[in-house]
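Peer 1: Once you've had a glance at the structure underneath, I'll fire off some questions.
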Amino acid sequence: MQGVFIRLIVAADPDVFQERLNRFIEGLPEEAILVDIKFSTSSSGNQTTYAALVQYKTVEEWKE
């Protein structure tokens, strides 16, 4: 599939994770659409890791 991209965003701190995810989404170009976001957490001891797999696609600009 041409024009389909995947980005993995990971952080151990939930606030940092949210900031990274927001910054990435806000930085997408206008011709990009979000296709899917998968979210997960994993724990090891007392450490939690937050992850999001973002799938987005670039599309052509609408012309009338």
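A short reminder: the numbers here are calculations on the coordinates, not readings from a lab. Note that the structure is a prediction, hence the values are computed from the model and not measured. Heads up, the Cβs are rebuilt from the backbone with ideal geometry, glycines too, and the neighbour counts pull from every protein chain shown.
Peer 1: Considering only the range 1-35, state which residues are in a strand (DSSP E or B), aliphatic (A, V, I, L, M), over 9 Å from Tyr50 (Cβ atoms) and touching a residue at least 24 places away in the same chain (Cβ under 8 Å).
Peer 2: Val4, Ile6, Leu8, Ala32, Ile33, Val35
Peer 1: Among the residues of the range 1-53, how many are of a type in the set (Val, Ile, Thr), loosely packed, with under 12 Cβ neighbours inside 10 Å and out of contact with any Phe, Trp or Tyr (no Cβ under 7 Å at 6 or more places or on another chain)?
Peer 2: Here the count works out to 2.
Peer 1: I need every pair where a residue in the range 36-54 that is in a strand (DSSP E or B) has its Cβ under 7 Å from the Cβ of a residue that is aromatic (Phe, Trp, Tyr), sequence separation at least 6 or different chains.
Peer 2: Close Cβ pairs satisfying both conditions: Thr41/Tyr50; Tyr50/Phe17; Ala52/Phe39; Val54/Phe24.
Peer 1: Could you tell me whether any residue of the range 32-53 is acidic (Asp, Glu) and more than 17 Å from Leu8 (Cβ to Cβ)?
Peer 2: Step one: filter the range 32-53 for residues acidic (Asp, Glu), giving 36.
Cutting the leftovers down to more than 17 Å from Leu8 (Cβ to Cβ) gives us none.
No: zero hits.
Peer 1: Please verify whether Ala11 is among the hydrophobic types (A, V, I, L, M, F, W, C) and touching a helix residue (DSSP H, G or I) at 6+ places or on another chain (Cβ under 6 Å), treating the condition exactly as stated. Write out each step before concluding.
Peer 2: Values: among the hydrophobic types (A, V, I, L, M, F, W, C): yes; touching a helix residue (DSSP H, G or I) at 6+ places or on another chain (Cβ under 6 Å): yes.
The answer is yes for Ala11.
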